[in-house]
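Quick notes on the structure that follows.
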Amino acid sequence: MPEPKLNEPILEIRGLRKAFGALLATDDVSLDLRPGEIHALIGPNGAGKSTLIKQIVGEIRPDAGSIRFEGQVIDGLGAAARARLGLARSFQVSSVIPDFTVLQNVMLAVAGASGTVFRFHLPALADRKLTEPALFHIEQAGLAGRHLVPAARLSHGERRKLEIAMALALRPRAFLLDEPMAGMGLEGGRQLTAILSELRNEAPILLVEHDMDAVFALADRISVLVYGRVIATGSVAEIRANPEVRRSYLGEDA
Ligand SMILES: Nc1ncnc2c1ncn2[C@@H]1O[C@H](COP(=O)(O)OP(=O)(O)OP(=O)(O)O)[C@@H](O)[C@H]1O
């Protein structure tokens, strides 16, 4: 019998380094994403957060270091192969089709994930294999009752929920979320915080976010990136109390 691997990290990043000329955008970055957690990645503008995410999803090849995903070394895989393994990035590249309804957009994502050919006419719409999971993900993402609304008519916050429903349809094993709170407003931000909090039970989340209220409310652990280096990893309380973090990022009023 193989050993149970429940508590092993889903994502293990070791020694990632990426230089742009003389600039070290990520400098020996190591971090883990564990089952069930939201791990927030914070740091000032230009710290290297986007460069790190791009290396994880396979858009940029690191100069050194290694990434394991569910125990498998994925260094040799391109972005499409990593996505197929269930490494899902949301909120930056958006594939929402404005003229399609919420339901049609999510059905498209369900079809893409299952390899089903999506025919945009009635037989496909009637296909319960697509509609049932799509409606389930729409409800999970907080859009119940809005499934017949064209995506173009959604508010900014609803559109973000649609993107979550589409990400869920891909049945990811890990979420990489890049600034989901941006432009959400107070009420939208509150709703999204509640949704993300639940989402961690589907798959762990690596969360790049500048909104510190959201980070402190959601994160199980926080890593702080400054000039390409992880200067601290810890719980919310540990990070808030860390003098180096306060000096270099949070400010004295944190
Ligand atoms: N393709 C590139 N060529 C040259 N320099 C780059 C490239 N991409 C990023 N950089 C530089 O690498 C550093 C890290 O950038 P990155 O975008 O990863 O930071 P970030 O933490 O995501 O910032 P922000 O919070 O503003 O999104 C910056 O100094 C940036 O100017």
Q.
Using Cα springs under 10 Å in a Gaussian network model of the chain, which residue among 165, 151, 174 shows the largest mean-square fluctuation?
A. 151
Q: Could you work out how far helix 102-114 tilts from the main Cα principal axis of the chain, as a 0 to 90 degree angle to the nearest 10?
A: 70 degrees
Q: Name the long-range amide H neighbours of residue 10: under 5 Å, sequence gap of 5 or more, or other chain; modelled H, no Pro or chain starts.
A: 33, 34
Q: Estimate the FRET efficiency between residue 73 and residue 244 by the formula 1/(1 + (r/R0)^6), using the beta-carbon distance for r and 25 Å for R0, to the nearest 0.05.
A: 0.20
Q: Return the distance in nm (one decimal) between the two label points of a simple spin-label model at residue 129 and residue 19, each offset 7 Å from Cα along Cα→Cβ.
A: 5.2 nm
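Given N residues in the range 156-254, what is Rg(Cα) / (2.2 N^0.38 Å)? List each step's numbers first, then the result.
On the way: Rg = 14.3 Å, N = 99, 2.2 N^0.38 = 12.6 Å.
With N residues counted in the range 156-254, Rg over 2.2 N^0.38 Å equals 1.14.
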Q: Would you mind checking the tilt of helix 185-199 against the longest principal axis of the Cα atoms of the chain, expressed as 0 to 90 degrees and rounded to 10?
A: 90 degrees
Q. Kirkwood hydrodynamic radius for the chain: how many Å is it when counted over pairs of different Cα atoms?
A. 19.1 Å
Q) Which of these, 220, 211, 127, has the largest mean-square fluctuation under a Gaussian network model of the chain (Cα springs below 10 Å)? A) 127
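Just so you know, all these numbers are worked out from the coordinates, no wet-lab data involved. It should be emphasised that the depicted structure is a prediction, and the values quoted were computed from it without experimental measurement. Glycine also receives a Cβ, built like all others from the backbone with ideal geometry; neighbour counts cover every protein chain displayed.
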